[in-house]
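Data block below; observations after.
The values are calculated or read from the model by the stated rules, or taken from the named source; none is laboratory data. Values in this document were obtained by computation on a predicted structure and should not be read as measured data. Neighbour counts run over all protein chains shown; Cβ positions are idealised from the backbone, glycine included.
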Amino acid sequence: MKKINIIIADDHLMFLEGINTILSDMEEIGDVHLATEGKQVVRLLNQFEIGLIISDISMPKMDGIELLTEIKKKHSHVKIIMLSMLDNHRTVHKVIQKGADGFVPKFTSKEELQKAVRTVLGNEQYFSEVIKQRYMESVFERKKYKNIELSPREKEVLSLLGDELTSKEISEKLFISVNTVETHRKNILLKTGSKTTTGAVKYAIESGLFD
C-alpha cells in the first residue's frame, strides 16, 4: 500500500498534536507535516508531495476557507478535510461549495476522524451527520430568498452598508448623490422585507450574497 503524506493545519498546538496522535497509527499515512497557519501549508505543498490536508477553518493570515479555495485552484489533486468548531449552516454551505472533500466538527470522535480520512483517501467525500444537517438548513435558508433580486447597484450599496459606511460616504465612493443612495436603500429594504439596514445586511448574509 502506498502511503499518503499529509499536512495537518491548526493554530492551536495542543489540538494539532492531538490530531497527529490520532492519525499516527493509520497504516495509510506516511509523513505528517504540521502547520499553524494557511500560508505555511502553501509553502509545504510546494516542498513536498502531499495527498491530503486536514485543516482548521479559523487560522491567522490565511483562514481555512481561503486555503481551501487556493488548494482547489492550484493543487486540485490534493484532498482536503475541514475541521472546525464552527458548524453553523452558513459556514458549512461555504465550505462545501468551495469543494471540500470532507468536513467534520472538532468535537468528533477518533473513530470518525479516521473513517473520514479513509473515506476521502478512497476518493469519496465524507461529511459528518451534523454537517449534513447544517448543509440542509443552509439550502432551505437560501430557498426563502430565491425570488428576491437586487440590481447590481443595490448589491453594491448593500455591501457598503454592511461595511457600516454612511449614505454620504457611499455617495462619494460610488460617485452618486446622497438622495440616490437613500433611494437604493429604501428599495433594498422593500425588496428584502426588512425594517432596518441591519435586517437587510442579515438577509444578504443568509442568502449568500456576500459569499
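Considering each of 34, 13 in turn, give the residue that is at negative phi, free of Cβ contacts under 8 Å to residues at least 40 places away in the same chain, surrounded by fewer than 18 Cβ atoms within 10 Å (Cβ to Cβ) and in contact with a helix residue (DSSP H, G or I) (Cβ under 6 Å, 6 or more places away or on another chain).
34
Got a sec? Which strands (runs of 3 or more DSSP E) wholly within region 1-94 have at least 1 residues that are in contact with an Asp or Glu (Cβ under 7 Å, 6 or more places away or on another chain)?
The strands (runs of 3 or more DSSP E) meeting that bar are 4-9, 52-56, 79-84.
Which residues, taken from region 115-153, are part of a helix (DSSP H, G or I), modelled with pLDDT of 75 or more and not charged (D, E, K, R)?
Matches in region 115-153: 116, 117, 119, 120, 121, 130, 131, 133, 152.
Would you be able to tell me the number of residues in region 100-129 that are free of Cβ contacts under 8 Å to residues at least 24 places away in the same chain and either among the charged types (D, E, K, R) or more than 19 Å from residue 20 (Cα to Cα) (or both)?
So the answer is 7.
Of all the residues that make up region 86-114, how many are within 20 Å of residue 64 (Cβ to Cβ), at pLDDT 90 or above and more than 18 Å from the chain's Cα centre (by Cα)?
Residues flagged as within 20 Å of residue 64 (Cβ to Cβ), at pLDDT 90 or above and more than 18 Å from the chain's Cα centre (by Cα) within region 86-114 amount to 2.
At pLDDT below 90, among the hydroxyl-bearing types (Ser, Thr, Tyr) and either closer than 21 Å to residue 108 by Cα or outside the structural domain of residue 121 (by TED's automatic domain parsing) (or both) - does that describe any residue in region 49-70?
Within region 49-70 (the criterion being at pLDDT below 90, among the hydroxyl-bearing types (Ser, Thr, Tyr) and either closer than 21 Å to residue 108 by Cα or outside the structural domain of residue 121 (by TED's automatic domain parsing) (or both)), the answer is yes, since at least one residue qualifies.
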